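Values quoted throughout were computed directly from the atomic coordinates according to the rules given, and no laboratory measurement underlies them. Everything numeric in this text was worked out from a predicted model, so none of it was measured. Cβ placement follows ideal geometry from the backbone for every residue including glycine, while neighbour counts extend to all protein chains displayed.
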C-alpha cells in the first residue's frame, strides 16, 4: 500500500462515518488507517509506506540478460533443477546464437548465446518468499555437483546461492 492509497482509505472512512452522522477530522481518519495497518501512528505509516509516483512512460521491472556459452548446456539447470520455464526462444536464423526468456513466478531472466550480451560470471539477486522451502525443493532434486546450502546469516536475509554451468551466480534471498 502507498501513502496515496492510505489517504484514499481515510477519505472513504470519513465519508462512510459521515453517512452515519459521525464526524471525525481527516487527521483522525489517517491515524485510524495507520492503526488498521498495524502501525502506531500516521507519521510512521507515511514514512514506511512511501509515496507512489506515477510513471507516465510505464517503466517496468528489469530483465537481467545472462551470457551463456550454449543454452543446451544450461537448459537442465534452469528448467529441470530451478523450475524456470521457456517463455520464448529466438534465433535470427539456423546456426546463429540463441536468445531465450525464462520466467518463474515474478522473476524473468534472459539467457543469451550472443557474444555482446554480457559476460559469464554475472550475479543476479532474486527475492523469494520462503528460502527454506526453496532450499528443500532444490535438495529433493538431483543436479550434478549441486547441493546448495542455505545461509541464514546472509546480509540480505536467508540466501541460497547457485552457480549455473556458464558461471553466472543466482542468489535467491528471503528479504
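How long are the semi-axes of the ellipsoid equivalent to the range 65-173, from square roots of 5 times the Cα gyration tensor eigenvalues, in whole Å, largest first?
On the way: eigenvalues 130, 38, 32 Å².
Equivalent-ellipsoid dimensions as semi-axes: 25, 14, 13 Å.
For 142, 78, what's the fewest-to-most ordering of other Cβ within 10 Å of each Cβ?
Ordered by Cβ neighbours within 10 Å, fewest first: 142, 78.
Would you please classify the overall shape of the range 1-51 from the alpha carbon gyration tensor, given that a ≥ b ≥ c denote the square roots of the eigenvalues, rounded means a/c under 1.5, and beyond that prolate means a/b larger than b/c while oblate covers the rest?
prolate
In deg cm²/dmol and to the nearest 500, what is the mean residue ellipticity at 222 nm of the chain if only DSSP H runs of at least 4 residues count, each as -39500 (n - 2.57), divided by the residue total? Before the final figure, lay out each step's value.
Values: 5 runs with 50 residues, N = 175.
Helix contribution divided over all residues of the chain: -8500 deg cm²/dmol.
Return the single residue from 29, 107, 154 with maximal mean-square fluctuation; model: Gaussian network over the chain, springs between Cα atoms under 10 Å.
29
Given Cα pairs under 8 Å that are at least 6 residues apart, what percent is the relative contact order of the range 83-162?
16
The range 112-127 to the range 160-175: how many Å between their Cα centroids?
12
Identify which of 134, 32, 82 has the largest mean-square fluctuation in a Gaussian network model of the chain, with springs joining Cα atoms closer than 10 Å.
32
If you take every DSSP beta bridge whose two residues both sit in the range 65-173, what share of them, in percent to the nearest 5, is antiparallel?
Taking every DSSP beta bridge with both residues in the range 65-173, the antiparallel ones total about 65 percent.
Is the C-alpha gyration tensor of the range 8-141 telling us rounded, prolate or oblate? Criteria: a/c under 1.5 is rounded; beyond that, a/b larger than b/c is prolate, otherwise oblate.
Judged from the Cα gyration tensor, the range 8-141 comes out prolate (a/c at least 1.5, a/b above b/c).
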